[in-house]
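**Student:** Structure below; questions to follow.
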Amino acid sequence: MSDPRTTPSIFTRGAVDLSALRAPAPSQAPSRPAPNSAPQAAAHGGPPSGAIPGGLPGGAAPETIIDVTEANFQSAVLERSLATPVILDFWADWCEPCKQLSPILERLAQAGGGSWVLGKVDVDANPRLAQALRVQGIPMVVAVVGGQLVEGFTGVLPESQVKQYVDAVLKAGGVAVEPAEDPRLDAADDALMTGDLDEAEAAYKKILAESPQDAAAESGLAQVELYRRIQGADPATALAKAEASPDDVDAQRLAADIEVLSGQADKAYARLVALVKRTTGDERDAVRKHLLSLFSVAGPDDPAVAGARRALASALF
């Protein structure tokens, strides 16, 4: 089984009493504009001012992205979740990983067409919400379905895995989700999400044996390998060891794995590119292959991977 600190899981977290957050709310959360509609959204990673019509007559687009505050939590989240799942994105303006995850969530929310709502929570402006929902690090994502909290994840994940989480939330809320085009991949993804690494590995390998160019299966298998590598490792100790021993190849590789899982993929890539420059022979090849495996986790469409590939090529040649 994978480490629950790094693998998203889906279950009702009954230890958190959402009823304590119920309070009169005079108005519903203000709507958000569609992604990329305002330059300040990309610049700061936080909710820009402005609104989009939601729930209006005459065929208006359904509301998909809202700002959640302590004042409107009851109406915007608890009451709304009785009919539509609400996924909460806890962020802050100073949080760089938040700026990687938020656009992914916003794209998926818009693509969902109102089947679920993305609630943006600024932890600096809403410390009571962050405390009540036990936010220990950001970005953090949880969901509320039928007035009940559903466990989420902390850190930045590849878009494919974020979508897996969204689909799981929709299923928990009784919302129909289009079946995967490849049921084999759907089963493999489900095994990965529930932490059954052996089953997930076998399923991904079977897909790749029949379709060697399947990028989704390749990414899934790379995630399995990544979770296995970090099992039993203490993140703080591993990162401290890597800092103290810059030429310890194993320590640097483990630190890079931990950075990827904590939403610092850019830092992980830079760490290993620098290590490629300092190594030769078999060690250099091992570091190169490790970096390529981390690229596979993110998938070929990740813009950070494209830049890191260029840096790797420069380091090698």
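The values are calculated or read from the model by the stated rules, or taken from the named source; none is laboratory data. All figures in this text were calculated on a predicted structure; none of them were measured in a lab. Note that each Cβ is placed from the backbone with ideal geometry, even for glycine, and that neighbours are counted across all protein chains shown.
**Student:** Which of the residues that make up segment 261-299 are within 28 Å of GLY137 (Cβ to Cβ) and assigned to a loop (DSSP other than H, G, I, E, B)?
**Tutor:** SER262, GLY263, GLN264, GLY299
**Student:** Okay, moving on. Exactly one of (1) modelled with pLDDT under 90; (2) in the same structural domain as ALA306 (by TED's automatic domain parsing); (3) over 15 Å from ARG309 (Cβ atoms) is unmet by ALA265. Its number?
**Tutor:** Just one mismatch for ALA265, condition (3).
**Student:** I would also like to ask the following. With respect to the numbered conditions (1) crowded, with 20+ Cβ neighbours inside 10 Å; (2) at positive phi, which one is the sole condition not fulfilled by GLY281?
**Tutor:** GLY281 satisfies all of (1) crowded, with 20+ Cβ neighbours inside 10 Å; (2) at positive phi except (1).
**Student:** While we're looking at this one, here's another question. Is there a residue being assigned to a helix (DSSP H, G or I) and either assigned by TED's automatic domain parsing to the domain that holds THR64 or free of Cβ contacts under 8 Å to residues at least 24 places away in the same chain (or both) anywhere in segment 135-158?
**Tutor:** The answer is no, given that none of the residues of segment 135-158 is assigned to a helix (DSSP H, G or I) and either assigned by TED's automatic domain parsing to the domain that holds THR64 or free of Cβ contacts under 8 Å to residues at least 24 places away in the same chain (or both).
**Student:** Right, next: Only one of SER75, SER49, SER31, SER102 is modelled with pLDDT of 90 or more and within 23 Å of PRO139 (Cβ to Cβ); which?
**Tutor:** It is SER102.
**Student:** Tell me, please, whether a residue that is out of contact with any Gly (no Cβ under 9 Å at 6 or more places or on another chain), modelled with pLDDT of 90 or more, under 17 Å from VAL156 (Cα atoms) and not small (Gly, Ala, Ser) can be found in segment 268-290.
**Tutor:** no
**Student:** Only one of (1) part of a helix (DSSP H, G or I); (2) outside the structural domain of LEU88 (by TED's automatic domain parsing) fails for VAL166. Which number is that?
**Tutor:** Among (1) part of a helix (DSSP H, G or I); (2) outside the structural domain of LEU88 (by TED's automatic domain parsing), the lone unmet condition for VAL166 is (2).
**Student:** Something else: Would you check if VAL249 is under 23 Å from VAL305 (Cα atoms), surrounded by 20 or more Cβ atoms within 10 Å (Cβ to Cβ), out of contact with any strand residue (DSSP E or B) (no Cβ under 7 Å at 6 or more places or on another chain) and among the β-branched types (Val, Ile, Thr)?
**Tutor:** For VAL249, the condition - under 23 Å from VAL305 (Cα atoms), surrounded by 20 or more Cβ atoms within 10 Å (Cβ to Cβ), out of contact with any strand residue (DSSP E or B) (no Cβ under 7 Å at 6 or more places or on another chain) and among the β-branched types (Val, Ile, Thr) - is not met.
**Student:** Sort out which residues of segment 111-129 are β-branched (Val, Ile, Thr) and more than 13 Å from GLU70 (Cβ to Cβ), and write them in order of number.
**Tutor:** Correct list: VAL117 only.
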